[in-house]
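In what follows, a structure is listed as structure tokens, so that the remarks can point back to it.
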Amino acid sequence: MSFDMYLESERAFIDHHEEGIFQLSINDDSYPQLNWIWDNYYKSPQVSPEIANNLVHELIQLKEKVYPKNDNKHLVNAIDRVLPFFSKAYKNGIVIKCKSD
């Protein structure tokens, strides 16, 4: 199951095998926006530019936590893939529309 995100005509996604991003952040107060996305994963949330900006910072923090550990290094690629997408949403003031399978 993938989590598709749309920024006008641009698409990004978090694939099923990458959902571990949320498992690493779940119930950790350091990641309120990642937890919000996970709580709303199946509800097709819309991500405001402000939330997108917060997600950029949370994902950078999570990447620093994940990178040294070999068992979750595959998540670094997913984080690197979605970081520019969230940043673009914030910079351009565009809401991201999400859809989960």
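Taken together, the values in this text are just the output of simple stated rules run on the coordinates, not laboratory data. Since the model is a prediction, treat every value here as computed from it, not as a measurement.
Here are some notes:
- Taking only alpha carbon atoms, the chain gives an Rg to Rh ratio of 0.93, where Rh is the Kirkwood radius.
- Lys-Lys pairs in the stretch 3-100 that are eight or more residues apart or on separate chains and whose Cα atoms lie under 17 Å of each other come to 5.
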